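K.L.:
What follows is a structure written as structure tokens; I'll ask about it next.
The values are calculated or read from the model by the stated rules, or taken from the named source; none is laboratory data. Only a predicted model underlies this, so the values are computations on that prediction, with no experimental measurement involved. FYI the Cβ positions are ideal-geometry reconstructions off the backbone, even for glycines, and counts take in every protein chain you see. Note: areas computed on protein heavy atoms with side chains; ligands, DNA, RNA excluded. Shrake-Rupley method; radii C 1.70, N 1.55, O 1.52, S 1.80 Å.
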Amino acid sequence: MLKYNSIVVPLDTSKFAELALAKAIGVATRNKSHLDLLSIIDTHQSNYYGGLSNGAIVNSLVEDATEYLAELTSQIKEKYDLTDISTHIRFGNPKTVIAFDFIKDHQNDLIMMGATGMGALERVMNGSVTDFVTRNATCDVLVVRTNLANEPGQKIESPFRTKMNQDQEE
């Protein structure tokens with residue numbers, strides 16, 4: 001029987017990423033798998049961040065990512081009773097960090113990620129991270145496109161409540 005031992009979920013605070021996390025929790029529970037939550041600070045977006053050479057900006061981004069991952073981990077442990085979880089923050093290009101570097105370092109055998117996290121303009125300018133990962137990763141990739149009831153075309157809602165996603169709704 002096929003069993004996934006180590007699942008990574010890249011998280012960018014989008015509803016699709018958090019939906020992928022919710023579905024990954026189900027897969028991890030059924031497989032008794034380790035779950036890695038991964039946040040990537042995109043160093044290739046230095047113009048967006050005003051240049052990553054500013055230590056205050058870097059510290060702020062790391063603090064935000066740390067808080068976000070801690071909130072998710074707390075909710076997962078409390079609501080789903082899943083405790084084999086690790087959180088990670090990486091710097092770099094999300095495409096290569098997910099498809100190559102992280103899974104090599106952590107021996108993940110499944111990547112579960114949302115269908116999209118970027119806006120349409122970002123996808124045109126940079127290309128889709130999800131597309132790159134599905135084409136290049138050396139392990140299985142499951143792309144989440146449907147809501148928790150697996151209904152395509154329905155409104156996507158995150159099952160998690162974090163400071164980050166509440167700020168996005170305002």
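K.L.:
Just wondering, is there one or more residues in the stretch 151-158 that are at pLDDT 95 or above and closer than 23 Å to Ala70 by Cα?
P.N.:
So far as the stretch 151-158 goes, no, none of its residues is at pLDDT 95 or above and closer than 23 Å to Ala70 by Cα.
K.L.:
While we're here: Here is a check on your reading of the model: is Leu69 modelled with pLDDT of 95 or more, touching a His at 6+ places or on another chain (Cβ under 7 Å) and hydrophobic (A, V, I, L, M, F, W, C)?
P.N.:
Values: modelled with pLDDT of 95 or more: yes; touching a His at 6+ places or on another chain (Cβ under 7 Å): no; hydrophobic (A, V, I, L, M, F, W, C): yes.
Considered against the rule, which asks whether it is modelled with pLDDT of 95 or more, touching a His at 6+ places or on another chain (Cβ under 7 Å) and hydrophobic (A, V, I, L, M, F, W, C), Leu69 comes out as no.
K.L.:
Kindly provide the set of residues from the stretch 28-43 that are open to solvent by 20 Å² or more (accessible area, probe 1.4 Å) and more than 17 Å from His88 (Cα to Cα), ordered by number.
P.N.:
Thr29, Arg30, Asn31, Lys32
K.L.:
Could you run through the stretch 12-22 and say how many residues are within 14 Å of Val129 (Cα to Cα) and open to solvent by 10 Å² or more (accessible area, probe 1.4 Å)?
P.N.:
So the count comes out to 3.
K.L.:
In addition: Just for the stretch 54-100: of the residues that are acidic (Asp, Glu) and touching a residue at least 60 places away in the same chain (Cβ under 8 Å), which one is surrounded by the fewest Cβ atoms within 10 Å (Cβ to Cβ)?
P.N.:
This residue is Glu67.
K.L.:
Would you please list the contacts, defined by Cβ atoms under 7 Å and residues six or more apart or on different chains, that run from a residue in the stretch 104-116 that is over 18 Å from Val129 (Cα atoms) to a residue that is open to solvent by 40 Å² or more (accessible area, probe 1.4 Å) and polar (S, T, N, Q)?
P.N.:
Asp109/Asn5
K.L.:
In addition: Could you check how many residues of the stretch 5-55 are modelled with pLDDT of 95 or more and under 19 Å from Asp101 (Cα atoms)?
P.N.:
Going through the stretch 5-55 one residue at a time, the tally reaches 14.
K.L.:
In the stretch 30-39, how many are among the polar types (S, T, N, Q) and within 14 Å of Val9 (Cα to Cα)?
P.N.:
Restricting attention to the stretch 30-39, the residues satisfying the condition of being among the polar types (S, T, N, Q) are 31, 33, 39.
Still in the list and also within 14 Å of Val9 (Cα to Cα): 33, 39.
Going through the stretch 30-39 one residue at a time, the tally reaches 2.
K.L.:
Taking the stretch 1-27 only, how many residues are assigned to a helix (DSSP H, G or I) and without any contact (Cβ under 8 Å) to a residue 40 or more places away in the chain?
P.N.:
Qualifying residue count, the stretch 1-27: 1.
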